[in-house]
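The structure appears right after this line, and notes come after that.
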Amino acid sequence: MKVTAELVEGVSRSILSQNYEDATEVPDFHKDLWALCCSDHPNVAIAAPRAHGKSTAITHAYVISCLCMRERQYVLIVSDTEEQSGEFISDIKREFTDNDVLRDLYGVDRLVRDQTTDAIIRFKDGHMCRIIGKGSEQKIRGRKWRGSRPDLIITDDAENE
């Protein structure tokens, strides 16, 4: 299914927001980000000051929507450090293991692989998807899973202060 900005907003609002700290109404800025990410442009770059919720909107809500809707099956998150990318993945894994609404609605079975920077999610119908994290200084070239290269690459906080 084609992921749209409206779909990501719905997932964020009705499924993920219960775990957001100080959840508020979805800002127009997030809707604009999702529209960019869901567009037909092959490469999208987004920059905004800290505290605008870019990581929540893109690295969390958009990635989860893409995986649940099966638009993407192999996601790579690149951050300044591997530890930082692991924190993003940890938050995503928590949704797939602890969010009962998400699990029931999308038929999530279990995590087949549950490592700090590498998770494989299995759905009840046998479909699987993978999300891995790397630091910006680590080797990324040549990554393959099940014969495919990552079909979504998110770079979030790729540099430090």
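Would you check which residues across the range 86-103 are in contact with a strand residue (DSSP E or B) (Cβ under 7 Å, 6 or more places away or on another chain) and either in contact (Cβ under 8 Å) with a residue 60 or more places away in the chain or surrounded by fewer than 17 Cβ atoms within 10 Å (Cβ to Cβ) (or both) and list them? Walk me through it before giving the result.
Restricting attention to the range 86-103, the residues satisfying the condition of being in contact with a strand residue (DSSP E or B) (Cβ under 7 Å, 6 or more places away or on another chain) are 86, 88-89, 92-93, 96-97, 102.
Result: Phe88, Thr97, Leu102.
Can you tell me which residue is surrounded by the fewest Cβ atoms within 10 Å (Cβ to Cβ) among those in the range 57-82 that are among the hydroxyl-bearing types (Ser, Thr, Tyr) and in contact with a helix residue (DSSP H, G or I) (Cβ under 9 Å, 6 or more places away or on another chain)?
Residues of the range 57-82 that are among the hydroxyl-bearing types (Ser, Thr, Tyr), as a first pass: 59, 62, 65, 74, 79, 81.
From what's left, in contact with a helix residue (DSSP H, G or I) (Cβ under 9 Å, 6 or more places away or on another chain): 59, 62, 65, 79.
Numbers: Thr59: 23, Tyr62: 26, Ser65: 26, Ser79: 26.
Out of the qualifying residues, it is Thr59.
Looking only at residues in the range 104-127 that are open to solvent by 100 Å² or more (accessible area, probe 1.4 Å) and in contact with a strand residue (DSSP E or B) (Cβ under 7 Å, 6 or more places away or on another chain), which one is farthest from Ser79 (Cα to Cα)?
Step by step, filter the range 104-127, then rank; the result is Lys124.
Looking only at strands (runs of 3 or more DSSP E) that lie completely in the range 33-142, which have at least 3 residues being in contact with a Leu (Cβ under 9 Å, 6 or more places away or on another chain)?
Working: elements: 74-79, 108-115, 118-123, 128-135.
In the range 33-142, 74-79, 118-123, 128-135 are the strands (runs of 3 or more DSSP E) which contain 3 or more residues that are in contact with a Leu (Cβ under 9 Å, 6 or more places away or on another chain).
In contact with a Cys (Cβ under 8 Å, 6 or more places away or on another chain) and on the phi > 0 side of the Ramachandran plot: which single residue out of Arg146, Arg70 fits that description? If you could, list the steps in order and put the result at the bottom.
Working: Arg146 fails: in contact with a Cys (Cβ under 8 Å, 6 or more places away or on another chain).
None of the others qualify; the one that does is Arg70.
The values are calculated or read from the model by the stated rules, or taken from the named source; none is laboratory data. The structure displayed is predicted, hence computed values, not measured ones. Reconstructed Cβ throughout: ideal geometry from the backbone, glycine too, with neighbour counts over all protein chains shown. SASA here: full protein model, heavy atoms, side chains in, ligands and nucleic acids out. Shrake-Rupley method; radii C 1.70, N 1.55, O 1.52, S 1.80 Å.
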